[in-house]
Ligand SMILES: NC(=O)c1ccc[n+]([C@@H]2O[C@H](COP(=O)([O-])OP(=O)(O)OC[C@H]3O[C@@H](n4cnc5c(N)ncnc54)[C@H](OP(=O)(O)O)[C@@H]3O)[C@@H](O)[C@H]2O)c1
């Protein structure tokens with residue numbers, strides 16, 4: 001280690017023989033520095049400036065910054081290739097889990113059809129405790145903030161954006177495309193209620209925030225959203241702050257990686273692995289193929305998206321409700337695997353849960369909009385995808 005920089009001086013940091021630079025860009029310029037490690041964060045500003053300056057100076061860059069790569073990955077990959085230097089980012093996705101290297105190297109001979117992951121420890125911690133203790137999202141979030149598992153401003157995590165940055169990188173590697181955050185649909189976990197966890201459990205599922213990218217002959221579908229996973233599937237049992245990534249490809253089949261997704265030590269493990277690779281002379285291509293050979297994926301049109309859904313309705317407990325809902329579903333050719341009503345009430349609403357068979361997504365949303373307009377339906381229906389195991 002030659003030199004360190006941060007926003008504010010760190011008098012307590014033991015820096016024996018290590019230079020302190022107030023200006024991070026000085027690290028890119030210094031003649032005695034061979035490799036720069038960027039751990040500031042942020043898609044723009046100083047992190048981008050340091051990444052650009054480092055690569056322009058012909059020095060390898062190691063970064064943990066998923067937001068930076070999701071936004072500028074293609075341009076930075078081009079800059080690294082132009083100078084023939086490494087751009088490494090193992091810590092940017094799922095912390096200590098070596099999934100970037102697995103996709104770049106060990107699984108490089110496969111056609112990857114799906115990457116699916118629990119990519120945010122904060123959300124997984126919150127959902128795990130909601131399910132286990134019957135608590136609300138708000139109650140667990142407040143506790144997680146006290147315990148240091150959630151940031152004071154939790155939006156990037158709980159609204160799904162941190163997972164989206166990571167999924168953009170995984171999908172790019174899996175499908176040979178430039179990272180493209182704008183092509184992802186992103187939904188967080190704020191609307192999940194303790195009732196959803198209870199119903200999911202009674203039906204044999206667990207609710208997890210998943211990042212899923214799937215490729216078919218018709219195009220790619222990439223989304224971050226809470227989803228129902230069958231109990232017993234590899235990702236359903238991943239609890240607390242642990243992360244997991246499942247990769248389905250041919251000829252390998254399905255490979256699942258599980259491990260610590262954040263925190264100082266797991267992140268350091270990934271960063272140091274990259275630094276060791278650089279020291280050993282590894283260069284490689286940041287996204288596994290030349291930047292100019294990365295092709296944006298065609299998006300799967302909504303009308304071609306199919307899947308099974310969980311729909312939570314809040315309805316008056318009166319005759320004719322099921323017939324009214326069933327009529328709309330029939331008109332959209334949506335078939336139902338189960339329909340459950342929980343509880344009875346003359347004065348209040350009661351929850352009704354539908355589980356559909358595989359249906360066209362546009363038909364489901366048309367049906368849900370029509371159901372929302374029925375006089376006995378109290379709230380906007382809430383929908384979650386069922387993730388196949
Ligand atoms: N935390 C994790 O578990 C984890 C895991 C994987 C990847 N990452 C990624 O690692 C990066 C850092 O995350 P973190 O959680 O370690 O953040 P953090 O605790 O806020 O640390 C950021 C560091 O960068 C410095 N910094 C920030 N802005 C700067 C600026 N404008 N100029 C100079 N220095 C600046 C800060 O200096 P001061 O201390 O002076 O403010 C601080 O030392 C992010 O890209 C994040 O996504 C984090």
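Looking only at segment 254-269, how many residues end up being closer than 7 Å to residue 96 by Cα and part of a helix (DSSP H, G or I)?
Matching residues across segment 254-269 total 3.
In this structure, is residue 354 closer than 23 Å to residue 229 by Cβ and free of Cβ contacts under 8 Å to residues at least 24 places away in the same chain? Break it down stepwise before answering.
Details: closer than 23 Å to residue 229 by Cβ: yes; free of Cβ contacts under 8 Å to residues at least 24 places away in the same chain: no.
Considered against the rule, which asks whether it is closer than 23 Å to residue 229 by Cβ and free of Cβ contacts under 8 Å to residues at least 24 places away in the same chain, residue 354 comes out as no.
State all residues of segment 180-190 that are under 16 Å from residue 381 (Cα atoms) and either buried (at least 21 other Cβ atoms within 10 Å of the Cβ) or more than 17 Å from the chain's Cα centre (by Cα) (or both); if no residue qualifies, say none.
189
Listed residues 58, 17, 84; which is free of Cβ contacts under 8 Å to residues at least 40 places away in the same chain, under 23 Å from residue 277 (Cα atoms) and surrounded by fewer than 18 Cβ atoms within 10 Å (Cβ to Cβ)?
58
Report yes if some residue within segment 150-172 is more than 16 Å from the ligand (Cβ to nearest atom) and either part of a helix (DSSP H, G or I) or touching a helix residue (DSSP H, G or I) at 6+ places or on another chain (Cβ under 8 Å) (or both); otherwise report no. Break it down stepwise before answering.
First, the residues of segment 150-172 that are more than 16 Å from the ligand (Cβ to nearest atom): 171-172.
Then keep just the ones that are either part of a helix (DSSP H, G or I) or touching a helix residue (DSSP H, G or I) at 6+ places or on another chain (Cβ under 8 Å) (or both); that gives 171-172.
Scanning segment 150-172, I find at least one residue that is more than 16 Å from the ligand (Cβ to nearest atom) and either part of a helix (DSSP H, G or I) or touching a helix residue (DSSP H, G or I) at 6+ places or on another chain (Cβ under 8 Å) (or both), so the answer is yes.
Search segment 229-265 for residues being farther than 30 Å from residue 196 by Cβ and modelled with pLDDT of 95 or more, and hand back the single one that is surrounded by the fewest Cβ atoms within 10 Å (Cβ to Cβ).
Only one residue fits best here, namely 251.
What number of residues within segment 314-338 are touching a helix residue (DSSP H, G or I) at 6+ places or on another chain (Cβ under 7 Å), within 30 Å of residue 214 (Cα to Cα) and assigned to a strand (DSSP E or B)?
Looking only at that region, the number is 1.
Which one of these does residue 268 not meet: (1) over 20 Å from the mean Cα position of the chain (by Cα); (2) more than 13 Å from the ligand (Cβ to nearest atom)?
All conditions pass for residue 268, except number (2).
Since residue 293 meets every condition but one in (1) over 24 Å from the mean Cα position of the chain (by Cα); (2) within 30 Å of residue 255 (Cα to Cα); (3) surrounded by 13 or more Cβ atoms within 10 Å (Cβ to Cβ), which condition does it not meet?
Checking residue 293 against (1) over 24 Å from the mean Cα position of the chain (by Cα); (2) within 30 Å of residue 255 (Cα to Cα); (3) surrounded by 13 or more Cβ atoms within 10 Å (Cβ to Cβ), the one that fails is (3).
If residue 305 passes every condition in (1) at pLDDT 95 or above; (2) under 20 Å from the mean Cα position of the chain (by Cα); (3) surrounded by 20 or more Cβ atoms within 10 Å (Cβ to Cβ) but one, which one does it miss?
Checking residue 305 against (1) at pLDDT 95 or above; (2) under 20 Å from the mean Cα position of the chain (by Cα); (3) surrounded by 20 or more Cβ atoms within 10 Å (Cβ to Cβ), the one that fails is (1).
Mind checking whether some residue in segment 357-370 is over 29 Å from the mean Cα position of the chain (by Cα) and surrounded by 13 or more Cβ atoms within 10 Å (Cβ to Cβ)?
Yes, the conditions are met somewhere in segment 357-370.
As an exercise: evaluate residue 322 against (1) surrounded by fewer than 19 Cβ atoms within 10 Å (Cβ to Cβ); (2) more than 27 Å from residue 388 (Cβ to Cβ); (3) within 16 Å of the ligand (Cβ to nearest atom) and give the number of the one condition it does not meet.
Single failed check for residue 322: (3).
Would you check if there is a residue in segment 275-288 being buried (at least 23 other Cβ atoms within 10 Å of the Cβ), modelled with pLDDT of 95 or more and not in a helix (DSSP H, G or I)?
yes
The values are calculated or read from the model by the stated rules, or taken from the named source; none is laboratory data. This is a predicted model, so every value here is computed, not measured. Ideal geometry is used to build each Cβ from the backbone, glycine not excepted, and the neighbour counts take in all protein chains shown.
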